[in-house]
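**Q** Let me begin by handing over the structure; questions about it come next.
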Amino acid sequence: MASMVFTDPSSSATARLLPFTRFSNGVVSLRRIVGPLHVGLLNPTFPRTLSLSSPRSSRFITAAMATEQSAKVIDGKSVAKQIREEISAEVLKMKDAIGVVPGLAVILVGDRKDSATYVRNKKKACESVGINSFEVHLPEDASEQEVLKSISDFNDDPSIHGILVQLPLPPHMDEQNILNAVTIEKDVDGFHPLNIGRLAMRGREPLFVPCTPKGCIELLHRYGVDIKGKRAVVIGRSNIVGMPAALLLQREDATVSIVHSRTKNPEEITRQADIIISAVGQPNMVRGSWIKPGAVIIDVGINPVEDASSPRGYRLVGDVCYEEACKIAAAVTPVPGGVGPMTIAMLLSNTLSSAKRTHNFK
Ligand code: GUN
């Protein structure tokens with residue numbers, strides 16, 4: 001979670017009137033706008049059964065938007081739950097067959113509350129699907145050498161199949177040096193330059209794809225959104241989300257534009273998109289006027305805004321003004337409950353894939 005609290009231009013009263021589940025069973029029209037349904041596996045490292053066994057039909061976005069004033073809610077929480085159940089079954093199968101349990105090592109440096117929460121959630125998620133998790137927590141003033149030593153130990157440990165260094169690191173550390181030290185066979189975050197480089201190149205396959213963008217694409221797949229030939233706009237160009245999301249969309253044959261802080265006409269460019277992935281960290285930046293009618297919106301932003309009516313004094317909103325998007329888009333992810341749960345599900349998926357690959361377990 002970002003550390004700043006922003007003011008929300010939309011009223012909290014309006015937000016409370018828009019329960020996320022309101023249209024969860026509704027049939028909303030998209031086929032006319034984004035073309036025929038497309039089902040396909042994006043990433044060969046993703047367990048086949050995860051994509052193929054899901055009951056997709058109830059989630060397909062199937063009928064036309066223009067006359068209906070409400071977008072379908074893309075329910076990341078329920079998709080992630082389903083994926084976790086599938087992973088859980090596969091973990092058990094592997095344990096029974098060859099006695100191997102996947103293991104994830106997490107390295108946390110410093111005392112950022114948001115990072116500590118993310119790490120705690122990742123460990124809890126591992127536990128819930130039967131993946132072993134290990135944590136090294138180093139103090140804020142730890143040396144880069146200490147982090148590198150932990151990585152090296154985990155690289156050499158056969159019970160560890162995935163290594164994650166929680167970002168951001170303290171400013172005195174060289175992030176590039178540290179991410180380069182994770183062996184690419186255990187790089188479940190997909191941040192190693194070799195994995196990113198392969199993601200960027202035609203005809204090359206990364207061993208792992210970064211979890212948040214992979215979760216975004218998985219949501220599009222599971223909701224039957226056709227990507228091929230569509231205009232996609234990614235808002236934000238971070239190494240963790242924006243850049244790999246754009247590469248993934250391009251691999252899926254979308255025509256991709258990246259909008260960033262120096263883009264002169266972000267609203268005009270975004271309005272051309274059939275698919276928007278926003279990962280910019282600005283609450284409600286994408287207003288209704290930025291959205292093409294019938295677009296599909298994946299909102300990665302998780303931004304705290306003041307809310308005196310909430311017991312915590314704040315609530316979480318996305319980069320996209322949800323109330324306005326609901327009236328214009330064909331489908332939209334809520335915040336919370338959209339992309340967030342998918343990120344962790346993809347981390348578990350990458351860790352399971354890694355263990356399977358290491359032990360040649362199909
Ligand atoms: N910090 C924010 N998102 C991520 C992520 O996906 N992986 C890691 N390692 N750090 C993060």
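**Q** When you scan region 181-205, how many residues do you find that are free of Cβ contacts under 8 Å to residues at least 60 places away in the same chain, away from the ligand (no atom under 14 Å from the Cβ) and not hydroxyl-bearing (Ser, Thr, Tyr)?
**A** 11
**Q** Here's a follow-up. Checking His161 against (1) in contact with a Ser or Thr (Cβ under 8 Å, 6 or more places away or on another chain); (2) over 14 Å from Leu347 (Cα atoms), which test does it fail?
**A** All conditions are met except number (2).
**Q** Six or more apart or on different chains, Cβ under 6 Å: which pairs go from a residue in region 121-147 that's free of Cβ contacts under 8 Å to residues at least 40 places away in the same chain and under 23 Å from Pro158 (Cβ atoms) to one that's of a type in the set (S, T, N, Q) and assigned to a helix (DSSP H, G or I)? Could you list them?
**A** Val136/Ser150
**Q** Give region 168-214 a look and list any residue that's among the polar types (S, T, N, Q), closer than 29 Å to Gly338 by Cβ and in the same structural domain as Ser133 (by TED's automatic domain parsing), or say none.
**A** Asn195 - this is the single residue of region 168-214 that is among the polar types (S, T, N, Q), closer than 29 Å to Gly338 by Cβ and in the same structural domain as Ser133 (by TED's automatic domain parsing).
**Q** When you scan region 77-110, how many residues do you find that are of a type outside the set (Val, Ile, Thr) and within 15 Å of the ligand (Cβ to nearest atom)?
**A** Selection size over region 77-110: 5.
**Q** Within region 208-219, is there a residue that is of a type in the set (S, T, N, Q), within 16 Å of the ligand (Cβ to nearest atom) and part of a loop (DSSP other than H, G, I, E, B)?
**A** Within region 208-219, not a single residue is of a type in the set (S, T, N, Q), within 16 Å of the ligand (Cβ to nearest atom) and part of a loop (DSSP other than H, G, I, E, B).
**Q** Taking Ile163 and the conditions (1) of a type in the set (Val, Ile, Thr); (2) more than 15 Å from the ligand (Cβ to nearest atom); (3) surrounded by 22 or more Cβ atoms within 10 Å (Cβ to Cβ), which numbered condition does it fall short on, given that it satisfies the others?
**A** Every listed condition holds for Ile163 apart from (2).
**Q** Take Val100 and tell me if it is more than 18 Å from the chain's Cα centre (by Cα), assigned to a loop (DSSP other than H, G, I, E, B) and crowded, with 17+ Cβ neighbours inside 10 Å.
**A** Here the answer is yes, as Val100 does meet what is asked.
**Q** Restricting attention to region 293-303, does a residue exist that is within 15 Å of the ligand (Cβ to nearest atom), on the phi < 0 side of the Ramachandran plot, assigned to a strand (DSSP E or B) and in contact (Cβ under 8 Å) with a residue 60 or more places away in the chain?
**A** yes
**Q** Tell me which of these Asp253 doesn't satisfy, since it passes every other one: (1) within 12 Å of the ligand (Cβ to nearest atom); (2) over 30 Å from Asn155 (Cβ atoms).
**A** Tallying (1) within 12 Å of the ligand (Cβ to nearest atom); (2) over 30 Å from Asn155 (Cβ atoms), Asp253 fails exactly one: (1).
**Q** I would also like to ask the following. Of all the residues that make up region 220-242, how many are within 15 Å of the ligand (Cβ to nearest atom) and crowded, with 21+ Cβ neighbours inside 10 Å?
**A** Number satisfying all stated conditions: 3.
The values are calculated or read from the model by the stated rules, or taken from the named source; none is laboratory data. Keep in mind that this is a model prediction, so the values were computed, not measured. In this analysis, Cβ positions are derived from the backbone assuming ideal geometry, glycine residues included, and neighbour counts consider all displayed protein chains.
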